[in-house]
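Reading through the structure tokens given below for one structure.
Where a number appears in this text, it was derived from the coordinates with a stated rule and is not lab data. Every value quoted in this text rests on a predicted model; they were computed, and no experiment measured them. In this analysis, Cβ positions are derived from the backbone assuming ideal geometry, glycine residues included, and neighbour counts consider all displayed protein chains.
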Amino acid sequence: MLELTAFLSGAFVMVLEMVGGRVLAPHVGTSAIVWTSLIGVVLACLALGAWAGGRFADRTLSRRGLGQALAGAGAGCGITAFCHTAIGAGVTGALGNLYAAAVAAAVGIFALPAFFFGMITPYIIRLRIASVDTAGATVGRLYALSTAGSILGTFLGGFVLISWFGSTLILWGLAIAMLLLSLANSRQRPWGRVLLLLLCAVLAWQDTLYAEWLAEKNGTRLVESPYNSIRIMEGVDYARGGKAVRLMATDPGYSQSGMLVDAPDELYFDYTRYYALGPRHVPRARRLLMLGGGGYSVPKWLLSGQSGLGDDFRLTVVELDPAMTESARRWFGLRDDPRLTVRHEDARAFLNRQDAAFDLVFVDVFNSHYSVPFQMGTVEAAQALRRAVAPGGALLMNVISAVEGPDGRLVRGIRRALAGAFAEVRVYCVGRPAHPERVQNLMLMACPEVRPEVLSGTPAGGAPREEEDMESHRYQRPIPPGAPLRDDYAPVERFTLMLARQ
């Protein structure tokens, strides 16, 4: 039983860590900063628990002591399941710095269960050691079993559980499993643990009902996938006459996609309207590629005919997360269309093996609310993008950055990569053209050939005044070359510290 306990506790602690990313995502996002904080905090608490577990075993070595450590891990998982939303919201509300908030949230939510998980293996080893002569073999065997369990837990959590169950329900499941394991190892004075087990089961059931009620009451729905924690929110846009709006968010404080409920095919966010530069500069485009689907705002706009491209084009959308596409179909009005092909895979992986060329390539990929995936902004990525753009075509890429000053390092690095592969790269300041030193959405347009200043066509995608406004937002000053970004070294997290601090 001790060997099985070591194996299972090793598996469950990794499930806890894997689901931790989903628990933290609504509060601090899903960036490398968040995962670094989570892994560091869990390892620190495991180490502290291992130290405490060894001392506890030396003082009170018994099956009952092991049962207490296992019950502590179960109770810790239950407390985490019950309190993680309140703790996460409280911490992020009090701390504006992403680094501090990510570490503090990880400590507040996961320190207790991780500490008790750390106690288990040293206690089991101390129980199993019968002779100094065989201590080495015993320690090696139990650590090997615990590590094998951790491997199983990693794949089980990442590939299976997160795909089928909500993060809170998984935490309740861990609590119940650890309490059952405690009862299996020690039957002395079980009633307290039995009551705790029943309480966890009832709370898990009630929590599921409460989540369904809250979604109906607040109009907020949560969709969890192996890639994202997606929130669908209902709201009102008072700047547009109080129209109902639906938003999609994968990070706190920001929305990745938006839609007017009574006009689902219109472009809602200002930056998405700048993708209209593509059809205006390449009015005869027939082969289109969109990297990053999200709420499918731009694909819906293209398919609706508002871009002026007609209806004989073909559009391929590459979206990593199938849950994003399903959410777009369910809540954002995405419909099946014979002109639309959806590929669920990484954008860079798609580009690396793609032989076809497209007249227009739209890029809107992010791995957090502030950072382009590093592999999409490098010199090698620019070369792959260039191969995907046909002669006479154009690439349009959304980046959040400043243009000037220290906060502009990201876009200057990406522009340098694109300039090495394309004949011309233009930068448009979407939000604050008079303040290029401020962080804002920027639209980069890259062309294989130098394009004329006058637009080659005026499709029915917007009024001439709108076109003039877009061109007036073009950054006209010389842009100094940024630091080269390569697959081997692309510090996009450091370049986007200005947003990580907000």
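The relative contact order of region 2-218 comes to 37 percent, based on Cα pairs under 8 Å that sit 6 or more residues apart. Could you grab the relative contact order for the chain? Cα pairs under 8 Å, six or more apart, rounded to a whole percent. Dividing the mean separation by the residue count of the chain yields 14 percent.
Candidates ALA57, GLY10, SER472 compared by Cα position along the dipole of the chain: farthest toward the positive end lies ALA57, with charges placed on Cβ.
With q set to 0.12 Å⁻¹, the log10 of I(q)/I(0) for the chain, from the Debye formula over equal scatterers at the Cα positions, is -1.06. Counted by neighbouring Cβ atoms within 10 Å, the residues GLU380, GLU424, GLU224 run from fewest to most as GLU424, GLU380, GLU224. In a reduced charge model with +1 at each Lys and Arg Cβ and -1 at each Asp and Glu Cβ, region 2-218 shows a dipole moment near 640 debye about its Cα centre.
Distances between every pair of Cα atoms in region 2-218, grouped in 5 Å steps from 0 to the bin holding the largest one, split as 1, 8, 14, 19, 19, 16, 11, 7, 3, 1, 0, 0, 0 percent.
This model, with +1 at the C-beta of Lys and Arg and -1 at the C-beta of Asp and Glu, gives region 285-351 a dipole about its Cα centre of some 140 debye. The DSSP beta bridges internal to the chain are antiparallel in roughly 65% of cases. Candidates PRO190, VAL23, THR80 compared by Cα position along the dipole of region 2-218: farthest toward the positive end lies PRO190, with charges placed on Cβ. Ordered by the count of other Cβ atoms within 10 Å of each Cβ, fewest first, PHE422, PHE82 give PHE82, PHE422. Sorted on the mean count of surrounding Cβ atoms within 10 Å across their residues, most packed first, peptides 40-52, 191-203 read 40-52, 191-203. The DSSP beta bridges internal to region 263-500 are antiparallel in roughly 45% of cases.
One equal scatterer on each Cα of region 263-500, no solvent, Debye formula: the resulting log10 I(q)/I(0) at q = 0.18 Å⁻¹ is -1.53.
Take every Cα pair under 8 Å whose residues are at least 6 apart in sequence, average their separation, divide by the length of region 263-500, and the relative contact order is 22 percent. Rounded to the nearest 20 debye, the dipole magnitude of the chain is 1200 debye, with +1 charges on Lys and Arg beta carbons, -1 on Asp and Glu beta carbons, and the Cα centre as origin.
For region 228-288, the convex hull drawn through the C-alpha positions has a volume of 117 cubic angstrom per residue. Judged by the mean number of other Cβ atoms found within 10 Å, the most tightly packed of the peptides 10-23, 233-246 leads the ranking 10-23, 233-246.
A DSSP coil position with no more than 10 other Cβ atoms inside 10 Å describes the following trypsin sites (Lys or Arg not before Pro) in region 289-365: ARG353. Applying a length cut-off of 24 Å (Cα extent along the axis) and a mean Kyte-Doolittle floor of 0.0 to the DSSP H helices of the chain leaves 2-28, 32-59, 63-94, 98-128, 135-155, 167-185, 191-218.
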